[in-house]
Amino acid sequence: MNDQPRFSLRLLGGFALERDAQPCKLAYEKGRALLALLGTEPGRAHSRTALAAMFWPGLERESGLSNLRLILHNLRQVLNATNPEKPLLQIDRESIRLDPEGHLEIDAAAFSAPAAVCPATPFPAHCTLCLAQMEVIAGRYQGEFMAGFSLPECPDFE
């Protein structure tokens, strides 16, 4: 039995984060932006300094890093509180990343993943199983990436 909470991050058609099919609230817009950024490349470490500069352009380095710490605190409360031994959000002194083996389903990642090779035929358009898988993948598309979400004060994020 797996008692890990299951998170789902929807980026296609807007932003939504759910834990075990229940909506999660994040305190900050920039927290949603950071999670979306990390979700587009799970496992890739992002420099804390670079993220602070992206989200708070024009602020001095220490002020940006301080603001980033507030956002990370909120994200940690939401994503890591139930299992601190195996955190979904992995943070160290220099970088931040999402655990690529974590319990986070990301619609944009699943939508853009390469299709599996058809075991039945070299022509997947003729395979009922492949067509069913393609329908599931197409069903993940709920609209434009991060529709309605904007951080105009952060041109590098935009």
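Quick notes on this one:
- Here the relative contact order of the chain, from alpha carbon pairs under 8 Å that lie six or more residues apart, stands at 33 percent.
- 1.4 Å probe accessible area per residue over segment 34-91, in Å²: 48 Å²
- Mean residue ellipticity (222 nm) of the chain, computed from DSSP H runs ≥ 4 via -39,500 (n - 2.57), nearest 500: -11000 deg cm²/dmol
- Label zone at Ala27, where the point sits 7 Å out along the Cα-to-Cβ direction: segment 51-66 residues whose backbone N lies under 15 Å: 66
- Computed on segment 1-71, the Cα convex hull volume stands at 116 Å³ per residue.
- Projected label distance in nm at Glu18 and Lys86, using a 7 Å step from Cα toward the beta-carbon: 2.2 nm
- Legend: calculated FRET efficiency, Cys118 to Arg97, from the Cβ-Cβ distance at R0 = 35 Å, rounded to 0.05, equals 0.60.
- Accessible surface of the chain, 1.4 Å probe, proportion on carbon and sulfur as whole %: 54 percent
- Taken one residue at a time, the phi angles of segment 58-74 give Karplus couplings (6.51, -1.76, 1.60, θ = phi - 60°) of x, 7, 5, 3, 5, 5, x, 5, 5, 4, 4, 4, 4, 5, 5, 4, 5 Hz. Gly and Pro are set to x.
- Placing pseudo-labels 7 Å out from each Cα toward the beta carbon at Cys154 and Ile137 gives an inter-label distance of 3.0 nm.
- Potential lengthening between Ala110 and Arg76 on full extension [0.36 nm per residue; Cα-Cα distance subtracted]: 9.9 nm
- Heavy-atom SASA rank of His46, His103 (probe 1.4 Å, accessible area, largest first): His103, His46
- Coarse-grained scattering of the chain at q = 0.08, 0.21 Å⁻¹, given as base-10 log I(q)/I(0) from a Debye sum over alpha-carbon atoms: -0.28, -1.40
The values are calculated or read from the model by the stated rules, or taken from the named source; none is laboratory data. As the structure is a computational prediction, the values presented were derived from the model and not from experiment. Cβ atoms come from the backbone with ideal geometry, glycine included; neighbour counts cover every protein chain shown. For accessibility, only protein heavy atoms count, side chains too; no ligands or nucleic acids. Shrake-Rupley method; radii C 1.70, N 1.55, O 1.52, S 1.80 Å.
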